[in-house]
Amino acid sequence: MPLRDIDDLERLKKINAALVSRVERSMDQQGNAFSLFQTAISLENRVRNRTEELHATLRRLEQSNIELSAAKENAELANLSKTRFLAAASHDVLQPLNAAHLSVSALAEVQTSEEGKKLVRQVERSLETMEDLLRTLLDISKLDAGVVQPEIGDVSLETLFSSLRSDFLPEAEKKGLSLKFRPVNVVVRSDRTLLRRILQNILSNALRYTRSGGVLVGTRHRGDTIRIDVADTGCGIAEDQREAVFEEFHRGTSTLADGGLAGGLGLGLAIVRRMAAALGHPVTFSSRVGRGTIFHIDVPIGMAAAEPAAAIADMERPRGYGLFGTKVLLVENDADVLSAMTSLLERWQCLVRAATSTDDALDLLGDTDWVPDIIIADQHLDGGDLGTATIAEVRDYLGRPVPALIVTADGSEPVAKAARAAGIELMRKPLKPAQLRALLAHLLA
């Protein structure tokens, strides 16, 4: 119906209202669409910004990874350099010290006057103090550098205790102290050398700081671990010194002065803490000033069966100490050490032939009337030769497993492994002549 034909006013109002409403809805829809369009543009910008930020972050992360990789490589090179330096320091510093030890030992045997003997003893004590300090500082450096890698295996505590008893009993008797090890038929999981050094340092401290009474070493089962206890009746450790005793060069001077005791280098427990950390063996202690101290080392129980005590006793029993007429093939490239070692062996009535390399050693064997009873060789010889290889060639030439000993200032684990694999005994420089003589007698028995 045409709009002009409508004469009803109310009806016209309704139609107008409907038209206005439709126009408003249309405008609202257009407004919503525009709003959505603006929102979409805003979101797109935000996504673009976040994407750019993410790319920038990834680029920074990639650069950081490159820098970390370079830093890691530099650290590894630094560690390698430090390892080489430590090996060189061990050899170059301990080599002349070894020559001095051997020369002084030979000198001691020709002294007839009391004054001469007294001076020799003073020199020996000074050399031993220097040796202990150098060895300990090198050990600390190696542990801090991560050079020392524990070789975990089954360790017989009875065998270990027997060895420690043999080493420390003379010192305890000299001071009038008792030293007791409770029998223990158990095997633990540890590195034999490092565990021995831990106990050795604790025992040394216990005897040094004990004026009367003695030291007792025993064990207790604690679930799947063995707790090794080293108890002394010494001066004790004050409560405020519990952490300080593990610091380098800490000697508890006030306590020592009060007790009239002589302190050591103050490095023994610093080594203990580092070695125990490398092994994962917790070390704790309880102490009362004036009453004594008990150190505890917790070690995992081993998997192998323990050896019978009787067999261990037989193994540890000395077999005689005669060296008269022993033929020794000595292979050493350091002139001072060679001269001092030859002099010492000849003082023990040994027949010595000396060489500086593998070829020299083989040339000495051309005389079929002279066959060595034992071979003593340095590990690092002239021409890049290794003592372990020299011993192997000499044995092959002679067609028999001649008893052999590697004497070296190289304290690295590869040298120890090579010696063990070839059935060769190993001693570290500087040598203690009495220990050398005992080991030679044992190998020749």
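Brief remarks follow.
- For the stretch 356-445, with all protein chains in place and a probe radius of 1.4 Å, 51% of the accessible heavy-atom surface sits on carbon or sulfur.
- Note on Ala278/Arg50: beta-carbon distance plugged into 1/(1 + (r/R0)^6) with R0 of 41 Å gives a FRET efficiency of 0.30.
- Label-to-label distance, nm, for residues given as Arg125 and Asn65 (7 Å Cα→Cβ offset): 6.4 nm
- For Ile374, the accessible area of its heavy atoms, probed at 1.4 Å with every protein chain present, is near 0 square angstrom.
- Label-to-label distance, nm, for residues given as Lys327 and Thr39 (7 Å Cα→Cβ offset): 10.4 nm
- The stretch 160-177 and the stretch 344-377 have Cα centres separated by 35 Å.
- Within the accessible area of the stretch 144-199 (1.4 Å probe), percent carbon and sulfur: 47 percent
- His221/Ala244 FRET efficiency (R0 41 Å; Cβ-Cβ; nearest 0.05): 0.80
- Over 25 Å between alpha carbons, listed pairs Lys118/Lys327; Lys327/Lys432; Lys174/Lys417: Lys118/Lys327; Lys174/Lys417
- Cβ-Cβ FRET estimate between Gln111 and Ala422, R0 fixed at 35 Å, reported to 0.05: 0.35
The values are calculated or read from the model by the stated rules, or taken from the named source; none is laboratory data. Predicted model only: the values in this text are computed from it and were never measured. When we count neighbours, we look across all protein chains shown, and the Cβ atoms used for this are built from the backbone with ideal geometry, even at glycine. SASA here: full protein model, heavy atoms, side chains in, ligands and nucleic acids out. Shrake-Rupley method; radii C 1.70, N 1.55, O 1.52, S 1.80 Å.
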